[in-house]
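Undergrad: Structure below; questions to follow.
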Amino acid sequence: MTDTASDAASAPRRLLVLNGPNLNLLGTREPAIYGTATLADVEALCRNRAGVHGLEVDFAQSNHEGVLIDAIHAARGTAAGIVINPGAFTHTSIAIADAISAVELPVIEVHLSNVHAREAFRHHSYISPVAAAVFIGAGINGYGYAIDQLATRG
Ligand code: DQA
């Protein structure tokens, strides 16, 4: 085996954890719904959980649909899977769903709140049909469950 091949074989696998609009405000945004943990807390949880599985995390947040789509495209070739909380784009974005289909990576959808216990417009997700699994209403623990799932799925 060449050095390059053995380096590739021993390189930690990476996951992309992607957060959509308004999630930069976690901690102060409607804490009765979304909790008091900040996005930095979510990032730390993700890095710790991934580390248990020997995985590394690329962690990102954007308020812009196209930036999220570009990040999904870029994950092809760099990430073994994606955890995404698309925020309100969950309920509106065919384009993000199409990007997920296009990259053919396992994607886990996460929502902090139980969207099914909230307004009717939050009950439909364009993302769920193209997601490998969905964790809803478990707060920030949902990100950890999503990482466990990506790390251990067959
Ligand atoms: C959310 C639920 C969405 O309906 C909402 O627009 C968000 C956050 C959640 O994590 O519970 O921004 O994705």
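The values are calculated or read from the model by the stated rules, or taken from the named source; none is laboratory data. Computed from a prediction, not measured in an experiment: that's the story for all the values here. Cβ: placed from backbone, ideal geometry, glycine included. Neighbour counts: every protein chain shown. For accessibility, only protein heavy atoms count, side chains too; no ligands or nucleic acids. Shrake-Rupley method; radii C 1.70, N 1.55, O 1.52, S 1.80 Å.
Undergrad: Please count how many residues of the stretch 55-99 are more than 15 Å from the ligand (Cβ to nearest atom), touching a residue at least 60 places away in the same chain (Cβ under 8 Å) and not hydrophobic (A, V, I, L, M, F, W, C).
TA: 2
Undergrad: Tally up the residues in the stretch 15-41 that are within 12 Å of the ligand (Cβ to nearest atom) and over 21 Å from I69 (Cα atoms), please.
TA: Number satisfying all stated conditions: 7.
Undergrad: Looking at (1) of a type in the set (S, T, Y); (2) touching a helix residue (DSSP H, G or I) at 6+ places or on another chain (Cβ under 8 Å); (3) more than 21 Å from A37 (Cβ to Cβ), which is the one condition that is false for T152?
TA: Unmet condition: (2).
Undergrad: Going through A132, A138 one at a time, which residue ends up being of a type in the set (A, V, I, L, M), open to solvent by 10 Å² or more (accessible area, probe 1.4 Å), within 11 Å of the ligand (Cβ to nearest atom) and touching a strand residue (DSSP E or B) at 6+ places or on another chain (Cβ under 9 Å)?
TA: A138
Undergrad: Please determine whether any residue of the stretch 142-154 is open to solvent by 10 Å² or more (accessible area, probe 1.4 Å), within 13 Å of the ligand (Cβ to nearest atom) and touching a residue at least 12 places away in the same chain (Cβ under 8 Å).
TA: no
Undergrad: What's the total number of residues in the stretch 107-139 that are of a type in the set (V, I, T) and part of a helix (DSSP H, G or I)?
TA: Residues in the stretch 107-139 being of a type in the set (V, I, T) and part of a helix (DSSP H, G or I): 2 in total.
Undergrad: Taking the stretch 58-85 as the search range and keeping residues that are of a type in the set (V, I, T) and open to solvent by 60 Å² or more (accessible area, probe 1.4 Å), which one is nearest to V110 (Cα to Cα)?
TA: So, considering only residues that are of a type in the set (V, I, T) and open to solvent by 60 Å² or more (accessible area, probe 1.4 Å), the one nearest to V110 (Cα to Cα) is V67.
Undergrad: With the structure loaded, tell me whether I69 is assigned to a strand (DSSP E or B) and touching a helix residue (DSSP H, G or I) at 6+ places or on another chain (Cβ under 8 Å) or whether it fails that test.
TA: no
Undergrad: Next question, about the same structure. Tell me yes or no: at least one residue of the stretch 113-129 is under 27 Å from P31 (Cα atoms), near the ligand (Cβ under 10 Å from one of its atoms), free of Cβ contacts under 8 Å to residues at least 12 places away in the same chain and open to solvent by 60 Å² or more (accessible area, probe 1.4 Å).
TA: Yes.
Undergrad: Checking E104 against (1) open to solvent by 10 Å² or more (accessible area, probe 1.4 Å); (2) within 15 Å of the ligand (Cβ to nearest atom); (3) among the acidic types (D, E), only one condition comes out false. Which one?
TA: (2)
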